[in-house]
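Structure first, commentary second.
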Amino acid sequence: MKNRPGLKQYIFAALGVVILVLLDQYTKLLAIAHLKDQSAFVLWNNVFELHYLENRGAAFGIFQNQRWFFVVILVIVSWFYGRTPVEKRYLPLRICMIVLTAGAIGNFIDRLTRGYVVDFFYFSLIDFPVFNIADMYVVCSGILLVMLVCFRYKNDEDYDFLRIKKD
C-alpha cells in the first residue's frame, strides 16, 4: 500500500490553504475599500481594468445562490487529498488540491459573511466575466488537475490509490 498523508502533510496543506485564503480575502478588502461605488479603474485601456462587482454565483457567476456547490467541492477534494500518496511524483497533484481548496473556501467565506462574492478583475478586451483571486485559484488548479490526471498520471497503476478497497 502506498504512503498516505500523515499529520505533517495535513498541517502543510492547512497552512497553504490559510495563506492563500488570507491573500484572497485581503485583495477583496482592498477592492471594497477602493473600488466599491467608484467607476472602474483602468489599468490598460480597452484591455484590463479593476471593476467592483458583487457576485452571487460561483466562479464567473455560475450556480447563482448555491452554497452547497462549495461544500461538495471541499468534500471531494478532501477525499482525493487523503487518498493521494505522499510521493514526490504526486506533489503537483497535492498542490493543485490545496490551491483549489483555498479558492473554494475564499469564495465560501464571502458567501457566508456577505451573502455575495467580491469580484474585481475584468478583461474588457474579450469581455470576460469579472473574477477574483479565489476564482483564479479554482480555475487554474482545476485545469492543471485535469491535465495532470489525463497526461501525467494516465496509466492504470497510477489510479490504484483511488480505488476503494472492500477489505
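The values are calculated or read from the model by the stated rules, or taken from the named source; none is laboratory data. Computed from a prediction, not measured in an experiment: that's the story for all the values here. Note: ideal-geometry Cβ built from the backbone for every residue, glycine included; neighbour counts use all protein chains shown. The accessibility values were calculated without ligands, DNA or RNA, using every heavy atom of the protein model including side chains. Shrake-Rupley method; radii C 1.70, N 1.55, O 1.52, S 1.80 Å.
Details
- Residues of the range 81-98 that are free of Cβ contacts under 8 Å to residues at least 24 places away in the same chain and farther than 18 Å from Met147 by Cβ: Lys88 alone.
- Cys140 falls short on exactly one of the conditions (1) part of a loop (DSSP other than H, G, I, E, B); (2) open to solvent by 40 Å² or more (accessible area, probe 1.4 Å), and that condition is (1).
- Cβ separations smaller than 9 Å between residues 6+ apart or across chains give the following pairs from the range 11-22 residues that are touching a residue at least 24 places away in the same chain (Cβ under 8 Å) and over 11 Å from Gly106 (Cβ atoms) to residues that are surrounded by 12 or more Cβ atoms within 10 Å (Cβ to Cβ) and among the charged types (D, E, K, R): Ala13/Arg94.
- Pro85 being within 26 Å of His34 (Cα to Cα) and surrounded by fewer than 21 Cβ atoms within 10 Å (Cβ to Cβ): no
- Selected residue (only one of Asp119, Asp127 is surrounded by fewer than 19 Cβ atoms within 10 Å (Cβ to Cβ) and acidic (Asp, Glu)): Asp127
- Within the range 136-151, being in contact with a helix residue (DSSP H, G or I) (Cβ under 7 Å, 6 or more places away or on another chain) and under 14 Å from Ile98 (Cα atoms) holds for Tyr137, Val138, Val139, Ser141, Gly142, Leu144, Leu145.
- If you go through the range 143-167 and keep only what is of a type in the set (Phe, Trp, Tyr), modelled with pLDDT of 70 or more and surrounded by 12 or more Cβ atoms within 10 Å (Cβ to Cβ), you end up with just Tyr153.
- Search result, residues across the range 92-124 that are at pLDDT below 90 and part of a loop (DSSP other than H, G, I, E, B): Gly115, Tyr116, Ser124
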